[in-house]
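Worksheet: the structure to be examined is printed underneath.
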Amino acid sequence: MEKNKVQKNISIIIVVAIIILGLWFIIIYPLIRFNGNEKRVVEAGKRYFQINSNRLPTEGKITTVSLRTLLDQKYVDDLRTAYNKDTCSGKESWVKVRKTGGKYQYYVYLKCGVMTSNVDHKGPEIRLKGKDTIEVEKDSKFADPGVESVRDNTDGAMDIKDVYIKSNVDTSKIGDYTITYSAIDSFENKTEVTRKVVVSQSLEGVIKKATDNDRVYKGNVTNNYIKFSGQLFRIVGLNSDGTVKIVSNEDISHVDYQSVDKWLQDYYYKHLADSSKQFLVTNYNFCQDSIKKGEIEQKNTCNNEKNKQNVGLLAINEYNRSLKEGESYLYTNTINWTSDRLDDKKAWTTRKFFFGQDSKYLEYDQSYNFNIRPVLVLKKDVKVLAGDGSINAPYDIGDFKTAKGGVKTTTRYSGEYINYGGIIYRIVEPNVGGYTKVISVNDIFGEGINYGEGNQYNPNKEGNIGYYIENNVSKMIKVGIFAKHEVAVPIYQSKATYTGKKTTKKYNIKFAAPSMYEMYSTYTDSVWYIESTKGDMKYLSSFNGTVYDSISELELKAKARFTGYLKKSSVITSGSGTYDDPYKVSY
């Protein structure tokens, strides 16, 4: 029994000894070491100020020397925590001296690993009025909301007038700005807080400033260009609900009027960048009126709206509202479909060179293939990030980013420009089974060419326009990046329309004429298209960009543009994808 009691007492003594040793090694010795370091630093600070007496503070003031200075000037050796685990921070540690009643008092703050001195080292807490980030409109007046309160753990409530405010806000320039608020307590601990001020320009504000009460651009304006989905548009105006209507600055394709809605919704919309689509109003009610001849020149309102759509065309009332002194930027030197009809068989187009003529519009059978300029509607509250609305610096809303070097061409977007071998191309379809379909921006054959042998487009028939393009393009340009690809040649039952009945013949070739229904196929000169009919009708563009059909007996001549498919390995090496700075590519 006695033996067990002795063993129990020994066990208790051992446990207590272990606890004491643990406390010594974990707490007591490190604390003794830390306190010793504090004393060494204070003594070093005193020697520093004895030698640099000109730095001693005046009555009621404080002067600080950092541990880094004391270390660098050899007033103290390198300081470490117990067991040399951590060094003391030279940047965050300091010695302060304050003069009070003619005497100097010294204070030390050390930060050594997890251990810190028990002295005031925190600056005042600054609370701001308003939000930390404020957005203001360009050219507006900005008033800083200011400071709500300042409180220090030593000094208590402080006067907000003691807060120093530094601001670089310039509302005349778009950008992000910073306001800095700083305060120092009696121990000269400093605190800084910042407020971000974003100077932005709303597209709505731009339009209101540039237009009259009608909120539409009028006349031959040059300040309503906007870049969207990597393409150039014109701002038409501001809708009553704050949304913004824009129209393509170029003819995109040719479509028969009876198929135009399907082409816009099912084809064109898919070719917009996904990053851009989030800025669009979808299911919008576009205007589509039936207008009599005698009413068309005075039409300024919409009486009928289509079913909700993502893309539309401009209505005649919008063309008329854009007129100023008989002129408008909306009328071009090409013939374009409007959204309005004369009746069930005919629809209205704009008219080439209308100035001085009886009418700005012509009616045509709805089966004709005329130019298309798609119209989109941007959401409210869209911000302008750059640009001034000119053709050289169109408004940029940040919807679209150019590619970096090394990016595959298949990841890019319809409408971007490519330079290969000194020839400029435009992306039609960025990813066709891993290939990138492009179209030459210009024709390369110079003189006009007869359609040649055969009733339909045929790249295997010598003397046919298809054969000529397939076999002569490679003699005139650099072709290494192009791959053979299956091309379906459409042969229409009767007249070619976008939704018309047709059969196809497929050929494995490198180059072909463009389809008049695909992106960027319009041309203000005569070029051949790949479409033909069983009735020997061939299709070519005219000087005003519209499509004519030709009977082979007429022996008409036209130039040739071509389409091709870039290899799956093709990548962008440089450039920004614009006409002036096209992407350079390799494979």
Original post:
Does Asp266 satisfy the criteria of being assigned to a helix (DSSP H, G or I), in the same structural domain as Asn320 (by TED's automatic domain parsing) and within 30 Å of Tyr539 (Cα to Cα)?
Top reply: yes
Original post:
Across the stretch 74-117, what is the number of residues that are assigned to a loop (DSSP other than H, G, I, E, B), loosely packed, with under 14 Cβ neighbours inside 10 Å and polar (S, T, N, Q)?
Top reply: 0
Original post:
Is there a residue in the stretch 449-461 that is of a type outside the set (Val, Ile, Thr), crowded, with 21+ Cβ neighbours inside 10 Å and touching a Ser or Thr at 6+ places or on another chain (Cβ under 6 Å)?
Top reply: yes
Original post:
Inside the stretch 396-414, can you point out the residues that are farther than 24 Å from Glu486 by Cβ, touching a residue at least 24 places away in the same chain (Cβ under 8 Å) and either in a loop (DSSP other than H, G, I, E, B) or of a type in the set (Val, Ile, Thr) (or both)?
Top reply: Ile397, Asp399, Phe400, Lys401, Thr402, Ala403, Lys404, Gly405, Gly406, Val407
Original post:
Is it the case that the stretch 555-571 has a residue that's at pLDDT below 95, over 27 Å from Lys478 (Cβ atoms) and not charged (D, E, K, R)?
Top reply: yes
**OP:** Could you figure out which of (1) hydroxyl-bearing (Ser, Thr, Tyr); (2) surrounded by 20 or more Cβ atoms within 10 Å (Cβ to Cβ); (3) out of contact with any helix residue (DSSP H, G or I) (no Cβ under 9 Å at 6 or more places or on another chain) isn't true of Ser253?
**Re:** (3)
Subject >> Flag if Val147 is touching a helix residue (DSSP H, G or I) at 6+ places or on another chain (Cβ under 7 Å), over 30 Å from Lys324 (Cβ atoms) and either at pLDDT below 95 or crowded, with 16+ Cβ neighbours inside 10 Å (or both) >> reply: yes
Subject >> Of residues in the stretch 222-242 being in contact with a helix residue (DSSP H, G or I) (Cβ under 9 Å, 6 or more places away or on another chain), of a type in the set (S, T, N, Q) and under 16 Å from Glu204 (Cβ atoms), the one surrounded by the most Cβ atoms within 10 Å (Cβ to Cβ) >> reply: Asn224
Subject >> Filtered residues of the stretch 269-313 (kept if in a helix (DSSP H, G or I) and either closer than 18 Å to Ser240 by Cα or β-branched (Val, Ile, Thr) (or both)) >> reply: Ile296
**OP:** Looking only at the stretch 32-48, decide whether some residue is in contact with a strand residue (DSSP E or B) (Cβ under 7 Å, 6 or more places away or on another chain), in contact (Cβ under 8 Å) with a residue 40 or more places away in the chain, farther than 30 Å from Gly101 by Cβ and surrounded by 14 or more Cβ atoms within 10 Å (Cβ to Cβ).
**Re:** yes
**OP:** Answer yes or no as to whether Asn168 is within 20 Å of Gln201 (Cβ to Cβ), out of contact with any Leu (no Cβ under 9 Å at 6 or more places or on another chain) and not charged (D, E, K, R).
**Re:** yes
**OP:** May I ask you to list the residues in the stretch 118-166 that are more than 30 Å from Val108 (Cβ to Cβ), in a loop (DSSP other than H, G, I, E, B) and either free of Cβ contacts under 8 Å to residues at least 12 places away in the same chain or in contact with a strand residue (DSSP E or B) (Cβ under 9 Å, 6 or more places away or on another chain) (or both)?
**Re:** Lys129, Gly130, Lys131, Asp132, Lys138, Asp139, Ser140, Phe142, Ala143, Asp144, Pro145, Gly146
Original post:
So, in the stretch 285-309, of the ones that are touching a residue at least 60 places away in the same chain (Cβ under 8 Å) and surrounded by fewer than 20 Cβ atoms within 10 Å (Cβ to Cβ), which residue ends up nearest to the chain's Cα centre (by Cα)?
Top reply: Glu297
Original post:
Within the set of pairs 6+ apart or on separate chains, which have a first residue in the stretch 60-73 that is within 20 Å of Cys112 (Cα to Cα), a second that is assigned to a strand (DSSP E or B) and basic (Lys, Arg), and C-beta atoms under 7 Å apart?
Top reply: Thr64/Lys96
Original post:
Would it be correct to say that Tyr75 is of a type in the set (Ser, Thr, Tyr), within 15 Å of Gly36 (Cα to Cα) and in the same structural domain as Glu38 (by TED's automatic domain parsing)?
Top reply: no
Original post:
Identify, please: which residue in the stretch 306-326 is of a type in the set (D, E, K, R) and in contact with a Phe, Trp or Tyr (Cβ under 7 Å, 6 or more places away or on another chain) and is, among those, nearest to Lys270 (Cα to Cα)?
Top reply: Lys308
**OP:** Go through Ile491, Ile427, Ile439 for me and flag whichever is part of a strand (DSSP E or B) and over 25 Å from Ser532 (Cβ atoms).
**Re:** Ile427
**OP:** For Glu38, indicate whether it is in a loop (DSSP other than H, G, I, E, B) and out of contact with any helix residue (DSSP H, G or I) (no Cβ under 6 Å at 6 or more places or on another chain).
**Re:** no
Subject >> Test: Val198 is surrounded by 15 or more Cβ atoms within 10 Å (Cβ to Cβ) and of a type outside the set (Phe, Trp, Tyr) >> reply: no
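The values are calculated or read from the model by the stated rules, or taken from the named source; none is laboratory data. A quick note: this is a predicted structure, and the numbers were derived from the prediction, not measured. Every residue, glycine as well, gets a Cβ built from its backbone with ideal geometry; the counts of neighbours run over all protein chains shown.
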